[in-house]
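Student: Sending over a structure as structure tokens; questions will come in a sec.
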Amino acid sequence: MPEALAPATARRQATRERLLDAAFEVFAEQGVHSSTVEQIAERAGFTRGAFYSNFTTKEELFVALMEREDAARLAALEDKFATLRPRLEGLELDADAIADIVLDFLVGPFDDHPWSVIYTEFQLLALRDPGFATMYLEHRDEYDAALVPILAGTLQHAGREWAADPAIAIRLLGAVYDEAVRAAILHGTRTYDRLVVRDTIVRVVLALTRRIPRR
């Protein structure tokens, strides 16, 4: 890259990141539909022109925010699996231990409450807007496909494998956790009953996986 272009590219990326940070805050506070481009740009400290030089529409911003959030989550999951892998070598874990691992994967190092609210609105927008639905489904499928080898590797080290379509299985496990987060939000708390969620995940894991046959 020519030296003259590098600072401009870095500034543009920094502007884009600030807009995404601002959008996350505004969406969480006011809702996706109620938020405006002006509010997002103002929160980031920019003008409308800065917004439109980075994103064509608010919908394009939605997708970029999903991509950034999920990329961060995938990176965290991969790091966790890399740390966990040596501890799993040679072990055959029971369903309870697997459920703890899966739940730790689902939780991650993030505050899922604001993201749960924002992502639910993304889903509603996709249900109402066929054009956005196409982008949403493509993104969701890519994210699920990236999750499959991570969780499959964890299961394999625990002596189990998927007995159902991995993408569907992952969505079911994710739905258990997402429902717990939404229930906590509805009850006005930031915590959910981990034991209840863990017990449900145990049952789902047992239903959707099987022991790898010994050779």
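The values are calculated or read from the model by the stated rules, or taken from the named source; none is laboratory data. Every value quoted in this text rests on a predicted model; they were computed, and no experiment measured them. Positions of Cβ are backbone-derived with ideal geometry, glycine not excepted, and every protein chain shown enters the neighbour counts.
To keep it simple, each residue is scored yes or no on (1) in contact with a strand residue (DSSP E or B) (Cβ under 6 Å, 6 or more places away or on another chain); (2) aliphatic (A, V, I, L, M); (3) more than 26 Å from D21 (Cα to Cα).
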{"residue": "S116", "(1), (2), (3)": "no, no, no"}
{"residue": "A152", "(1), (2), (3)": "no, yes, yes"}
{"residue": "H157", "(1), (2), (3)": "no, no, yes"}
{"residue": "A164", "(1), (2), (3)": "no, yes, yes"}
{"residue": "A183", "(1), (2), (3)": "no, yes, no"}
{"residue": "H187", "(1), (2), (3)": "no, no, yes"}
{"residue": "A207", "(1), (2), (3)": "no, yes, yes"}
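Student: Would you confirm whether or not the stretch 107-120 contains a residue that is surrounded by fewer than 19 Cβ atoms within 10 Å (Cβ to Cβ), at pLDDT below 90 and over 22 Å from R190 (Cα atoms)?
Tutor: no
Student: Counting only residues that are assigned to a helix (DSSP H, G or I) and under 17 Å from A72 (Cβ atoms), how many does the stretch 109-144 have?
Tutor: 13
Student: Here is a list of conditions, (1) surrounded by 12 or more Cβ atoms within 10 Å (Cβ to Cβ); (2) under 20 Å from E67 (Cα atoms); (3) modelled with pLDDT under 70, and A126 meets all of them except one; can you say which number that is?
Tutor: (3)
Student: Tell me, which helices (runs of 4 or more DSSP H) wholly within the stretch 4-75 include 1 or more residues that are under 28 Å from I185 (Cα atoms)?
Tutor: 5-30, 37-44
Student: All but one of (1) modelled with pLDDT of 85 or more; (2) basic (K, R); (3) within 30 Å of R160 (Cα to Cα) hold for R87, so report the exception by its number.
Tutor: Checking R87 against (1) modelled with pLDDT of 85 or more; (2) basic (K, R); (3) within 30 Å of R160 (Cα to Cα), the one that fails is (1).
Student: Can you tell me how many residues within the stretch 177-205 are in contact (Cβ under 8 Å) with a residue 60 or more places away in the chain and farther than 14 Å from D100 by Cβ?
Tutor: Residues flagged as in contact (Cβ under 8 Å) with a residue 60 or more places away in the chain and farther than 14 Å from D100 by Cβ within the stretch 177-205 amount to 6.
This table checks each residue for (1) surrounded by fewer than 16 Cβ atoms within 10 Å (Cβ to Cβ); (2) assigned by TED's automatic domain parsing to the domain that holds I101; (3) at pLDDT 85 or above.
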| residue | (1), (2), (3) |
| --- | --- |
| L151 | no, yes, no |
| Q156 | yes, yes, no |
| G159 | no, yes, no |
| D165 | yes, yes, yes |
| Y192 | no, yes, no |
| V202 | no, yes, no |
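Student: For the stretch 34-57, which positions are in contact (Cβ under 8 Å) with a residue 24 or more places away in the chain and buried (at least 17 other Cβ atoms within 10 Å of the Cβ)?
Tutor: A44, F46, A50, F51, N54, F55, listed by residue number.
Student: Just to verify a result, which residue in the stretch 18-28, among those that are under 15 Å from E69 (Cβ atoms) and in contact (Cβ under 8 Å) with a residue 24 or more places away in the chain, is nearest to the chain's Cα centre (by Cα)?
Tutor: F24
Student: Quick check on the stretch 156-169. Is at least one of its residues touching a residue at least 60 places away in the same chain (Cβ under 8 Å) and in contact with a helix residue (DSSP H, G or I) (Cβ under 6 Å, 6 or more places away or on another chain)?
Tutor: Yes, the stretch 156-169 contains a residue that is touching a residue at least 60 places away in the same chain (Cβ under 8 Å) and in contact with a helix residue (DSSP H, G or I) (Cβ under 6 Å, 6 or more places away or on another chain).
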